[in-house]
Amino acid sequence: MLTMSVNLRTGTGPWQWCDQRDGCWTRGEDRIRPLANPALEARAVTDGTRTLMVVRERAADRASLLRSTAPVRVDAAVYARALQECRQWPLQSVWIEAGTDGVRLETGLGGCARSISPTTRSS
């Protein structure tokens, strides 16, 4: 559902949506690009410290806090509710939380991933 290139050692600053680069979230040289498919939607929010980026299957007639591909600024309570919405989404989804302590990737419907931080190394 996405491709990404994130350097955890050098990435700083806020994530932004960039339509000019084939539709992707960017932060410096870092890129997270959702798959462009009419069955999917990409959404994002930020509380100013963390950014939540979501790619998920569209659910007909399902209300959502997440409405924009550009990271919309929200308070901590709305951010927490948006994260809970991700965990309760009834269809396939993947979401990334990026903050000062690294990047965490999670998936819905039984998927798993691990938290990645600048001090964590893959083996």
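Could you tell me which residue of segment 82-105 is surrounded by the most Cβ atoms within 10 Å (Cβ to Cβ), considering only residues that are among the charged types (D, E, K, R) and closer than 24 Å to Asp61 by Cα?
If we take residues in segment 82-105 being among the charged types (D, E, K, R) and closer than 24 Å to Asp61 by Cα, then Glu85 is surrounded by the most Cβ atoms within 10 Å (Cβ to Cβ).
One line per residue, one yes/no per condition, for (1) over 13 Å from Trp95 (Cα atoms); (2) assigned to a loop (DSSP other than H, G, I, E, B); (3) at pLDDT below 85; (4) in contact with a strand residue (DSSP E or B) (Cβ under 9 Å, 6 or more places away or on another chain):
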| site | (1), (2), (3), (4) |
| --- | --- |
| Met4 | no, no, no, yes |
| Arg31 | yes, no, no, yes |
| Pro38 | yes, yes, no, no |
| Glu41 | no, no, no, yes |
| Ala44 | no, no, no, yes |
| Thr49 | yes, yes, no, yes |
| Val55 | no, no, no, yes |
| Ala63 | yes, yes, yes, no |
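Anything in segment 36-58 that is crowded, with 18+ Cβ neighbours inside 10 Å and small (Gly, Ala, Ser)? List them, or say none.
Ala42, Ala44
Please tell me if Val78 is within 18 Å of Ala44 (Cβ to Cβ), out of contact with any helix residue (DSSP H, G or I) (no Cβ under 6 Å at 6 or more places or on another chain), assigned to a strand (DSSP E or B) and modelled with pLDDT of 90 or more.
In short, no.
The values are calculated or read from the model by the stated rules, or taken from the named source; none is laboratory data. None of the values given here were measured: they were computed from a predicted structure. Cβ coordinates were reconstructed from backbone atoms using ideal geometry, including for glycine residues, and neighbour counts include every protein chain displayed.
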